[in-house]
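Remarks on the structure that follows.
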Amino acid sequence: MSYGVTFWGHIKNNIRVFRLQKRILRVMTGCGMRDPCRKLFIEFKILTFLSLYIYQLIMFVNKNSELHITDDSVHNYNSRLKKNLHEPVTNLTQYQNGVLCKGTKMYNSLPTYTKEASTNTKKFTKFLKIFLYEKAFYTFDEFYKYHCD
(Lines give C-alpha, C1' and ligand atoms only; values in the text may rest on other atoms or scores of the structure.)
Protein backbone atom coordinates (compact mmCIF):
# COMPACT_ATOMS: atom_id res chain seq x y z
CA MET A 1 0.00 0.00 0.00
CA SER A 2 2.84 2.39 0.73
CA TYR A 3 4.83 1.71 -2.44
CA GLY A 4 4.96 4.96 -4.41
CA VAL A 5 2.08 6.46 -2.40
CA THR A 6 3.81 9.83 -2.63
CA PHE A 7 2.95 9.94 -6.32
CA TRP A 8 -0.43 8.17 -6.50
CA GLY A 9 -1.97 8.91 -3.08
CA HIS A 10 -3.89 11.98 -4.27
CA ILE A 11 -5.94 10.21 -6.97
CA LYS A 12 -9.72 9.95 -6.66
CA ASN A 13 -9.73 6.16 -6.29
CA ASN A 14 -7.68 6.27 -3.09
CA ILE A 15 -10.96 5.98 -1.16
CA ARG A 16 -11.21 2.38 -2.37
CA VAL A 17 -7.83 1.59 -0.80
CA PHE A 18 -8.90 3.27 2.43
CA ARG A 19 -12.16 1.32 2.58
CA LEU A 20 -10.24 -1.91 2.04
CA GLN A 21 -7.86 -0.91 4.83
CA LYS A 22 -10.80 -0.34 7.19
CA ARG A 23 -12.38 -3.66 6.20
CA ILE A 24 -9.11 -5.51 6.95
CA LEU A 25 -8.82 -3.76 10.33
CA ARG A 26 -12.39 -4.78 11.22
CA VAL A 27 -11.71 -8.40 10.28
CA MET A 28 -8.46 -8.41 12.30
CA THR A 29 -10.23 -7.10 15.40
CA GLY A 30 -13.51 -8.98 14.98
CA CYS A 31 -15.61 -5.82 14.73
CA GLY A 32 -18.84 -5.52 12.78
CA MET A 33 -18.93 -4.03 9.31
CA ARG A 34 -20.65 -0.86 10.55
CA ASP A 35 -18.44 -0.28 13.61
CA PRO A 36 -16.30 2.88 13.48
CA CYS A 37 -12.58 2.33 12.89
CA ARG A 38 -10.95 5.58 14.01
CA LYS A 39 -10.41 4.35 17.57
CA LEU A 40 -8.97 1.09 16.23
CA PHE A 41 -6.44 2.97 14.10
CA ILE A 42 -5.39 4.97 17.17
CA GLU A 43 -5.34 1.98 19.52
CA PHE A 44 -3.21 -0.23 17.27
CA LYS A 45 -1.07 2.69 16.02
CA ILE A 46 -1.86 2.05 12.38
CA LEU A 47 -1.66 4.97 9.97
CA THR A 48 -4.81 5.51 7.95
CA PHE A 49 -4.21 5.56 4.21
CA LEU A 50 -4.41 9.35 4.18
CA SER A 51 -2.04 9.63 7.16
CA LEU A 52 0.40 7.34 5.38
CA TYR A 53 0.22 9.57 2.30
CA ILE A 54 0.73 12.69 4.43
CA TYR A 55 3.67 11.07 6.22
CA GLN A 56 5.40 10.03 3.00
CA LEU A 57 4.82 13.43 1.38
CA ILE A 58 6.10 15.43 4.35
CA MET A 59 9.15 13.19 4.71
CA PHE A 60 9.88 13.74 1.01
CA VAL A 61 9.66 17.51 1.51
CA ASN A 62 11.89 17.36 4.59
CA LYS A 63 14.54 15.21 2.87
CA ASN A 64 14.54 17.47 -0.20
CA SER A 65 14.60 20.80 1.63
CA GLU A 66 16.93 22.28 -0.99
CA LEU A 67 13.99 22.34 -3.42
CA HIS A 68 12.07 24.76 -1.17
CA ILE A 69 12.54 28.28 0.09
CA THR A 70 11.09 29.78 3.25
CA ASP A 71 8.72 32.75 3.34
CA ASP A 72 11.30 34.96 5.07
CA SER A 73 13.55 34.70 2.00
CA VAL A 74 10.67 35.95 -0.20
CA HIS A 75 9.71 38.98 1.94
CA ASN A 76 11.27 40.96 4.77
CA TYR A 77 8.25 41.08 7.07
CA ASN A 78 8.72 39.68 10.57
CA SER A 79 5.63 37.46 10.64
CA ARG A 80 5.02 34.45 12.88
CA LEU A 81 4.83 32.19 9.82
CA LYS A 82 8.08 33.40 8.27
CA LYS A 83 9.69 29.96 8.66
CA ASN A 84 6.95 28.27 6.64
CA LEU A 85 7.90 27.00 3.22
CA HIS A 86 6.94 29.28 0.36
CA GLU A 87 4.07 27.71 -1.59
CA PRO A 88 4.48 27.89 -5.35
CA VAL A 89 1.72 29.79 -7.17
CA THR A 90 0.13 27.88 -10.03
CA ASN A 91 -3.20 27.44 -11.77
CA LEU A 92 -2.63 23.90 -13.04
CA THR A 93 -4.54 21.35 -10.99
CA GLN A 94 -2.12 18.59 -11.90
CA TYR A 95 0.79 20.63 -10.53
CA GLN A 96 -1.20 21.62 -7.43
CA ASN A 97 -1.75 17.92 -6.67
CA GLY A 98 1.91 17.20 -7.30
CA VAL A 99 4.52 16.38 -4.72
CA LEU A 100 6.03 19.87 -4.41
CA CYS A 101 2.83 21.92 -4.07
CA LYS A 102 0.82 19.50 -1.95
CA GLY A 103 3.85 18.57 0.16
CA THR A 104 4.64 22.21 0.89
CA LYS A 105 1.04 22.93 1.87
CA MET A 106 0.93 19.90 4.19
CA TYR A 107 4.29 20.74 5.75
CA ASN A 108 3.06 24.26 6.51
CA SER A 109 -0.07 22.79 8.15
CA LEU A 110 1.96 20.82 10.70
CA PRO A 111 2.02 21.86 14.35
CA THR A 112 4.85 24.27 15.17
CA TYR A 113 6.65 21.85 17.52
CA THR A 114 6.90 19.31 14.71
CA LYS A 115 8.23 21.81 12.16
CA GLU A 116 10.82 23.07 14.64
CA ALA A 117 12.25 19.54 14.87
CA SER A 118 12.72 19.28 11.10
CA THR A 119 16.50 19.77 11.31
CA ASN A 120 16.83 16.60 13.39
CA THR A 121 15.45 13.83 11.13
CA LYS A 122 15.05 11.25 13.89
CA LYS A 123 13.16 13.64 16.18
CA PHE A 124 11.08 15.00 13.29
CA THR A 125 10.06 11.49 12.21
CA LYS A 126 9.08 10.60 15.78
CA PHE A 127 6.97 13.74 16.29
CA LEU A 128 5.32 13.37 12.89
CA LYS A 129 4.39 9.73 13.44
CA ILE A 130 3.01 10.41 16.92
CA PHE A 131 0.94 13.31 15.56
CA LEU A 132 -0.48 11.19 12.71
CA TYR A 133 -1.11 8.13 14.93
CA GLU A 134 -3.04 10.19 17.48
CA LYS A 135 -5.24 11.99 14.94
CA ALA A 136 -5.99 9.21 12.40
CA PHE A 137 -7.03 11.62 9.64
CA TYR A 138 -9.73 10.46 7.23
CA THR A 139 -9.81 13.49 4.90
CA PHE A 140 -7.54 16.29 3.72
CA ASP A 141 -9.96 18.82 5.19
CA GLU A 142 -9.52 17.26 8.65
CA PHE A 143 -5.77 17.61 8.32
CA TYR A 144 -5.79 21.19 7.06
CA LYS A 145 -8.35 22.37 9.61
CA TYR A 146 -6.54 20.81 12.57
CA HIS A 147 -4.68 23.42 14.62
CA CYS A 148 -3.03 22.52 17.89
CA ASP A 149 -0.56 25.41 18.28
(request) Pairs only if they're at least six apart or on different chains, beta carbon under 7 angstrom, first in segment 50-69 and over 17 Å from N84 (Cβ atoms), second outside any helix (DSSP H, G or I) and hydroxyl-bearing (S, T, Y); list them, first residue then second. (result) L50/Y138; L50/T139; L52/S2; Q56/S2
(request) Sort through P36, P88 and tell me the only one that's of a type outside the set (K, R) and at pLDDT below 90. (result) P88
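I'd like to check something: does segment 128-141 contain any residue that is free of Cβ contacts under 8 Å to residues at least 12 places away in the same chain, among the charged types (D, E, K, R) and closer than 21 Å to V17 by Cα? Steps first, answer last, please.
Kept after step one, since they are free of Cβ contacts under 8 Å to residues at least 12 places away in the same chain, are these residues of segment 128-141: 130, 141.
Then keep just the ones that are among the charged types (D, E, K, R); that gives 141.
Restricting the remaining residues to those that are closer than 21 Å to V17 by Cα gives 141.
For segment 128-141, residues free of Cβ contacts under 8 Å to residues at least 12 places away in the same chain, among the charged types (D, E, K, R) and closer than 21 Å to V17 by Cα: present.
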(request) Consider L110 carefully, then state whether it is of a type outside the set (F, W, Y), in contact with a Ser or Thr (Cβ under 8 Å, 6 or more places away or on another chain) and surrounded by 15 or more Cβ atoms within 10 Å (Cβ to Cβ). (result) no
(request) Among the residues of segment 50-64, write down those that are closer than 12 Å to F137 by Cβ and β-branched (V, I, T). (result) I54
(message) Tally up the residues in segment 25-47 that are under 13 Å from L132 (Cα atoms) and of a type in the set (A, V, I, L, M), please.
(response) 3
(request) For residues that are part of a loop (DSSP other than H, G, I, E, B) and touching a residue at least 12 places away in the same chain (Cβ under 8 Å), scanning just segment 1-22, find the one that is surrounded by the most Cβ atoms within 10 Å (Cβ to Cβ). (result) G9
(request) State whether one or more residues within segment 33-41 are in contact (Cβ under 8 Å) with a residue 24 or more places away in the chain and not basic (K, R). (result) yes
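The values are calculated or read from the model by the stated rules, or taken from the named source; none is laboratory data. Here the structure is a predicted model, which means the values were calculated and not measured. Reconstructed Cβ throughout: ideal geometry from the backbone, glycine too, with neighbour counts over all protein chains shown.
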